[in-house]
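Chemist: Provided herewith is a single structure, encoded as structure tokens, for subsequent inquiry.
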């Protein structure tokens, strides 16, 4: 069943977290500091008291915390939309925290009426701004953006319709936010340590020389070989590493689609396929079991347990989206090197480590006024949603590029 988890904002808990913020950022987030770009906070504060959907990029598991602390800087509390499954992490303890700081659940791709109703309520009432990550996935890409879904724009228009029903000619905005993680010091020792652990775990001989890039590629090649064996793939003799990764992604998606009886999108649309399959899994796992007999529920739960295994497969596909030979060569900053290394680290160890003290750079884009698109939305909904989503994506991408250009960079040795 959908089992909607509503927000249970606790003023006491939120106040407590704010008081403990310096300690949490230092010890809970490995000495992380929030750095808001000059002028960004002022742009955001112009929307004080106004209804808004706040849309950051989603490259890191600490993004919700980053937005919480940005809200603290802006003297605002936010509500948050989170995927239903994250509320079950840590035996439900993660969900308890999320609900009490203002988060609520959504089952992606399903007609989650309770979640949609809560979104319309929060946006139309305007008591607090709502944070939603439009990529829909943790991209683990610190420099780039995954293709955005149009859901953020659609949800906002539903809230605007609610305002009109109430006779309120109020404006509603979508606010682009860029979050960029940078390391403040030299993290080469930490990168070396992680590579050493991966080499030991995967039984990879260390290449001659002291450069890190050949070691990373050797580890990546071994991991791909192991997964090829798991998914019964035999690479062609002349296949490049890029070819093998592409073939492996397709094999993983094909296996999941066959089990779930879903036809994959045509063409090279990896993320569309992942979203389609993940939505199908969510639909089954959280479908309404009202009216089922006890035996039918048991059978459903058994099948749901098997289907949940494909979450891991889809995570792998997303994890490998930007692992390709050349990704680091294009721009070998220590952050980009760490991006790829952490994907392998996550696959092998099931978790990643923060490689040193970090800064989270935050910028705020120009708010998108839904009222200015309302007429077009009523005449051609698809075009209006796409235009807004493209504007959102363009602004977020531009801010990430500017933050990268303006910062002081440290590079790993060249390949």
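Chemist: Can you give me the Kirkwood hydrodynamic radius for the chain, using every pair of distinct Cα atoms, in Å to one decimal?
Modeler: Working: mean 1/r = 0.0435 Å⁻¹.
That comes to 23.0 Å for the chain.
Chemist: Where the centre of each part is set by its Cα atoms, how far does region 9-74 sit from region 349-364, in angstrom?
Modeler: First find each Cα centre; the distance between them is then 15 Å.
Chemist: Still on this model: Can you pull the one-decimal nm distance between simple spin-label points at residue 351 and residue 125, each 7 Å off the Cα toward Cβ?
Modeler: It works out to 3.7 nm between the two label points.
Chemist: Which peptide among 116-122, 7-13 comes first, and what is the full order, when sorted by highest mean count of other Cβ atoms within 10 Å? Before the final figure, lay out each step's value.
Modeler: On the way: 116-122: 18.1, 7-13: 14.0.
Packing proxy ranking, top to bottom: 116-122, 7-13.
Chemist: Can you tell me, using C-alpha contacts under 8 Å and at least 6 residues apart, the relative contact order of the chain as a whole percent? Intermediate results must be reported in sequence, preceding the final value.
Modeler: Values: 581 pairs, mean separation 111.7, N = 415.
Reported as a whole number, the value is 27 percent.
Chemist: Oh, and also: Compute the FRET efficiency between residue 31 and residue 383 as 1/(1 + (r/R0)^6), taking r as their Cβ-Cβ distance and R0 = 41 Å, and round to the nearest 0.05.
Modeler: 0.30
Chemist: How long is the gain from residue 43 to residue 287 if the chain were fully straight, where each residue apart is worth 0.36 nm and the alpha carbon distance is subtracted? Before the final figure, lay out the partial values.
Modeler: Details: separation 244, 0.36 × 244 = 87.84 nm, distance 4.16 nm.
Extra length available between residue 43 and residue 287 comes to 83.7 nm.
Chemist: Hey, another quick one. In region 339-376, whose amide N lies under 17 Å from the spot 7 Å out along Cα-to-Cβ of residue 225? List them in ranges.
Modeler: 348
Chemist: Something else: Taking 8 Å as the Cα distance limit and 6 or more residues as the minimum spacing, I'd like the relative contact order of region 188-349 as a percentage. Please list the in-between numbers first.
Modeler: Values: 98 pairs, mean separation 40.9, N = 162.
Relative contact order here is 25 percent.
No value in this document is a laboratory result; all are computed from the given coordinates. This structure is a prediction, so every number in the text was calculated from the model and none was measured. Here the Cβ is made from the backbone with ideal geometry for all residues, glycine too, and neighbour counts use every protein chain on show.
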